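Below: one structure, written as structure tokens.
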Amino acid sequence: MSTPQELGGLGCSVKRKEDARFIRGQGRYVDDVKLPNMVYLELVRSPFAHARIGSIDTSAALEIPGVLAVITGEDLAAANLSWMPTLSHDQQMVLATGKVLFQGQEVAAVVGETRFAAADGAAAVRIDYEGASRSRGPPHGFGRQCAGPPRGSRGKDESHLPLGIR
């Protein structure tokens, strides 16, 4: 049993109303919106999964033409704005303060007159991470015992299994 075409629904094609304007190049995207006094924000993210933040140098970013402000977690903490509620009714850091807890965590925000000025300002922010190291992959991060059986071994007896599997 199928739904009649004139009723529409499951299994019936739906004529899209917005296609014509996009095909003619008349679509409007978020990037097309220009408002008076509009500013742009670029986030500086941590390249490390876990590290202490030693210092954040924003002076070079503030010297770039078009950069209006650089905001760090310490700035937000001074204004009592460093934590925000989430949809799951707990709280989350807006910008990292003291240490980063995951790779890609937001550490600083650069506000600029154009998106290019904000991006250049974000690239100029210098952050000193302490105790950070990058792993080159699982075999290097966990040691040789996880790289697999030794070369030249034929059997799969207990002595050739990586640590933790016995």
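The values are calculated or read from the model by the stated rules, or taken from the named source; none is laboratory data. Fair warning: this is a prediction, and the values are worked out from it, not measured in the lab. Heads up, the Cβs are rebuilt from the backbone with ideal geometry, glycines too, and the neighbour counts pull from every protein chain shown.
Annotations
- In the set (1) surrounded by fewer than 13 Cβ atoms within 10 Å (Cβ to Cβ); (2) assigned to a strand (DSSP E or B); (3) not polar (S, T, N, Q), residue 87 fails one condition alone, (2).
- The number of residues in the stretch 32-60 that are more than 20 Å from the chain's Cα centre (by Cα) and of a type in the set (A, V, I, L, M) comes to 5.
- Tabulated pairs, the stretch 114-135, first within 25 Å of residue 33 (Cβ to Cβ), second modelled with pLDDT of 95 or more and in a helix (DSSP H, G or I), C-beta under 7 angstrom, 6+ apart or interchain: 121/61
- Which numbered condition residue 70 misses (of (1) modelled with pLDDT of 95 or more; (2) assigned to a loop (DSSP other than H, G, I, E, B)): (2)
- Residues in the stretch 47-62 that are of a type outside the set (S, T, N, Q) and part of a strand (DSSP E or B): 51, 52, 53, 54, 56, 57.
- The stretch 24-74, residues that are of a type in the set (Val, Ile, Thr), surrounded by 10 or more Cβ atoms within 10 Å (Cβ to Cβ) and within 25 Å of residue 114 (Cβ to Cβ): 39, 44, 56, 58, 64, 67, 70, 71, 72
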